[in-house]
Ligand SMILES: [Zn+2]
């Protein structure tokens, strides 16, 4: 085909390179401008959001008194929900939470003080368990834990408390009797499973005249023994990086689930039950996969028997301050608070 473009209109390779580089500069400048704009938008949104939350928190704290005095009625609203929605954009749930929390906390000044600082949500997990006698203890826990960790702690605390009612105070009973009492799981739990017919058939044959508990225990032991045989050696190192084969081994024990008794959350952190800062070692025997809440409980020193198998773990009321790892955990807490 004949070339119909006149020579003068032709663009040579040098020109193309120049145009392309100019375009690149322009594109890069545009990209940078976009990045700055987006950063600015995000920062403004985050700041306004933070302020909005703070003001909503202040509104929530006033609600019980407004409800008590029926100020909403005097101002022409049909109820407290309408009043809070119109004036503060609060949802029905938020109003209910605020009223419930403040009612529950009315005889607990320490907790009200925290609600004023950190919002009513911060004390919600403990309101069914805190009493005027124990509110100081709980206030301390609210201050050092995230809401999720606090929820996890309260859950375990209630279980331990229930046992304590049978066995005496769980902090003061002798250690040997404590271990048997909590998380021993001797009462049976029923679970439902769906299986492929062939698997079900083989399992039933394996069970034979025995019972499911024994049969599955055997399978579990076989799985654990198999895993144990392939256990990699501990790594002595200055690096916090956990070698992949050790990581894989530690997470295989629970198939990536949090190892804390009865927790079914996926693991988020491989926790050193013997602190790395003390051992400089990644040992598959002392690496345990944990969810964020349970990892925080461990670092708060609130897990008793931490260096034994997780099935022997239980929560305690205060950390053991005589342990060397307590100092490390204090540093971790300080560092986390600083990083945010
Ligand atoms: Zn967990």
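The values are calculated or read from the model by the stated rules, or taken from the named source; none is laboratory data. Bear in mind that the values here come from a model prediction, so they are computed numbers and not experimental data. Ideal geometry is used to build each Cβ from the backbone, glycine not excepted, and the neighbour counts take in all protein chains shown.
Restricting to the stretch 134-145, count the residues that are under 16 Å from the mean Cα position of the chain (by Cα) and in a helix (DSSP H, G or I). Write out each step before concluding.
First, pick out the residues of the stretch 134-145 that are under 16 Å from the mean Cα position of the chain (by Cα): 141-145.
Still in the running and in a helix (DSSP H, G or I): 141-144.
The total comes to 4.
Restricting the stretch 104-133 to residues that are in a helix (DSSP H, G or I) and out of contact with any helix residue (DSSP H, G or I) (no Cβ under 7 Å at 6 or more places or on another chain), which is farthest from the ligand (Cβ to nearest atom)? Spell out the reasoning first.
Let us first name the residues in the stretch 104-133 that are in a helix (DSSP H, G or I), namely 104-105, 109-118, 120-126.
Those still in the list that are out of contact with any helix residue (DSSP H, G or I) (no Cβ under 7 Å at 6 or more places or on another chain) too: 104, 109, 113, 117-118.
On the way: 104: 26, 109: 32, 113: 30, 117: 27, 118: 23 Å.
Step by step, filter the stretch 104-133, then rank; the result is 109.
Go through (1) at pLDDT below 90; (2) more than 20 Å from the chain's Cα centre (by Cα); (3) surrounded by fewer than 17 Cβ atoms within 10 Å (Cβ to Cβ) one by one and return the number of the condition residue 131 breaks.
(1)
Got at least one residue in the stretch 210-227 being away from the ligand (no atom under 16 Å from the Cβ), in contact with a helix residue (DSSP H, G or I) (Cβ under 7 Å, 6 or more places away or on another chain) and either farther than 30 Å from residue 153 by Cα or without any contact (Cβ under 8 Å) to a residue 24 or more places away in the chain (or both)?
Quick first cut of the stretch 210-227, residues away from the ligand (no atom under 16 Å from the Cβ) only: 210-227.
Restricting the remaining residues to those that are in contact with a helix residue (DSSP H, G or I) (Cβ under 7 Å, 6 or more places away or on another chain) gives 215, 227.
After this cut, where a residue has to be either farther than 30 Å from residue 153 by Cα or without any contact (Cβ under 8 Å) to a residue 24 or more places away in the chain (or both) as well, the list is 215, 227.
Taking every residue of the stretch 210-227 in turn, at least one turns out to be away from the ligand (no atom under 16 Å from the Cβ), in contact with a helix residue (DSSP H, G or I) (Cβ under 7 Å, 6 or more places away or on another chain) and either farther than 30 Å from residue 153 by Cα or without any contact (Cβ under 8 Å) to a residue 24 or more places away in the chain (or both).
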